[in-house]
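Working notes for the structure below.
No value in this document is a laboratory result; all are computed from the given coordinates. The model shown is predicted, which means the values in this text are computed figures rather than measured ones. Backbone-built Cβ (ideal geometry, glycine too); neighbour counts: all protein chains shown.
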């Protein structure tokens, strides 16, 4: 899986904090990267997630999907040879709980353990349902023939911990090794690339941008350094490896690799 990026290409690292979308800033007139980032910083801090400090961020301009994103109700289903990608629904809770109680899946996540209750899983589904869908683009990954949910993936943070949007996915273990990750990511990236875009001023981690002024838009994916399977999927789908760094996860230091998918200006 890919860290949040989350959930993974075989493994997905989803953030353990939910952005607080209550309050005035959800009004379209004040909806901006800076307010979203401040809200996420606050939620991340409460959850113990380490973000780059404000002094480590720089301001750049980039063409990125226009925020707010299309809500779940306006997102068309996407079909591939074997998969159906659709908007997440409250009724996906039980299937998502099955996914998030598989140890082989969850060991790659920032939680590093299975969900202990259905309520815990609900707290992970809610950030991708209205009104939070305006800053996320996560889809249910289903088998085309049966409609069975086998995973979840897309953009789970916009902006992410480093300022750029972050993407990821997680798949049930019985779906591993069948090419579903590549099939999903290829289709989802097409959706992401076709979203309306605008030139926007954003605050990003200075270690995750090349150049100054107007730069290429980035979509970030982060994997553990040992996750070669996910890294191969990312490269196959057009991401490029560009940074290695470490994060402290509790008492453990985790080696991470950042990949980026560029949208040319």
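Below are the figures for this structure:
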item: Qualifying residue in the range 179-190 (condition: in contact (Cβ under 8 Å) with a residue 60 or more places away in the chain, in contact with a helix residue (DSSP H, G or I) (Cβ under 9 Å, 6 or more places away or on another chain) and buried (at least 17 other Cβ atoms within 10 Å of the Cβ)); result: yes
item: Counted residues, the range 82-91 - those being without any contact (Cβ under 8 Å) to a residue 60 or more places away in the chain and crowded, with 18+ Cβ neighbours inside 10 Å; result: 2
item: Residue within the range 106-120 that is closer than 22 Å to residue 185 by Cβ, surrounded by 21 or more Cβ atoms within 10 Å (Cβ to Cβ) and free of Cβ contacts under 8 Å to residues at least 40 places away in the same chain present; result: yes
item: Residue among 168, 160, 151, 211 that alone is exposed (fewer than 15 other Cβ atoms within 10 Å of the Cβ) and either more than 21 Å from residue 256 (Cβ to Cβ) or out of contact with any helix residue (DSSP H, G or I) (no Cβ under 7 Å at 6 or more places or on another chain) (or both); result: 211
item: Test set (1) in contact with a strand residue (DSSP E or B) (Cβ under 8 Å, 6 or more places away or on another chain); (2) under 28 Å from residue 103 (Cα atoms); (3) in contact (Cβ under 8 Å) with a residue 40 or more places away in the chain - residue 176 fails condition number; result: (1)
